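Report on the following structure.
Each reported figure results from applying straightforward, stated rules to the coordinates on display, with no laboratory input. Every value quoted in this text rests on a predicted model; they were computed, and no experiment measured them. So basically every Cβ, Gly included, is an ideal-geometry build from the backbone, and we count neighbours across all protein chains shown.
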Amino acid sequence: MVSEASLEKSAARAGLRSVAGPNSAVDRVTAEIRRGVLNGTLKAGSSFSIADLSAQLGVSHIPVREALRRLETQGLITLRPGRSAFVNPLDRDELRSIYRLRKLIECDLAARACLGLTPADLDEAERLLKEFTQADVDADESWEIHKRFHLALLRPALTDWDLRLLEQLWHACDRYTRVVYETYQIDLEERRRREIAHRLLIDAARTGSPAELKLAVNEHLAEHELACLEWMAALPPST
């Protein structure tokens, strides 16, 4: 079970950083606020003012408000009347709903993608798995590699709408899965466990059987859902 000390350590990562720069302010602000929600800098259930957030980020309130609107559609933030917002609390029913939809969509995509996967696609998945489990990168980059790994196995069946829906569900799911798995010590044993869990997906894809890959994806998602629910059961009732 995840210890309180581990949760505090996760939440104590670097705070919000200035996003002043030449690129799209809204994109940069969205990414930074989202990072703050995912790593616990902006804690679930906490409130904050748009003015304070703007000052921390080094930008005006206009891109901050637009970024918060984007994050509201992802289920991470709720805007309040006036100039404040709060981070949506973690919710077991929300988590179950997210995974119910993920299983419906990703398992179907996996089955339809299986016969279209090429040797190059599987080699790319192998490369990404190696990078995900062996590379010494920060948490944000690691989870981006993880996302690309899963997309590599679904890509032959993906449409633009599939990708939009997946992005929405993955954004909503990230704050549950990341906070759970980032509390684990990333030692050799944990790296090996992650490699085995994801290699099962590649092995299923290599069989060329849509039913095998569909089952493997369903079991993979079910394992993640259970880990998140067990972690949430250990939290104080007010969290």
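Angle, helix 25-39 long axis vs. longest principal axis of the chain, Cα atoms, 0 to 90°, nearest 10?
Once rounded, one gets 80 degrees.
Given the DSSP H assignment, sum -39500 (n - 2.57) over each helix run of at least 4 residues in the chain and divide by its residue total; what's the result at 222 nm in deg cm²/dmol, nearest 500?
-23000 deg cm²/dmol
Assuming a viscosity of 1.002 mPa s and a temperature of 20 °C, what translational diffusion coefficient in µm² per second does Stokes-Einstein assign to the chain, Rh being the Kirkwood radius over Cα pairs?
In µm²/s, the coefficient rounds to 113.
Among ALA204, LEU153, ALA172, which residue has its Cα furthest toward the positive end of the charge dipole of the chain, with +1 on Lys/Arg Cβ and -1 on Asp/Glu Cβ?
It is ALA172, whose Cα lies furthest towards the positive end.
Assuming 0.36 nm per residue, please report the length gained on full extension of the stretch ARG80 to ALA233 beyond their Cα-Cα distance.
52.2 nm
I'd like to compare 61-70, 202-211: which one has the highest average count of other Cβ atoms within 10 Å, and what's the full order after that?
The peptides rank, most packed first, as 61-70, 202-211.
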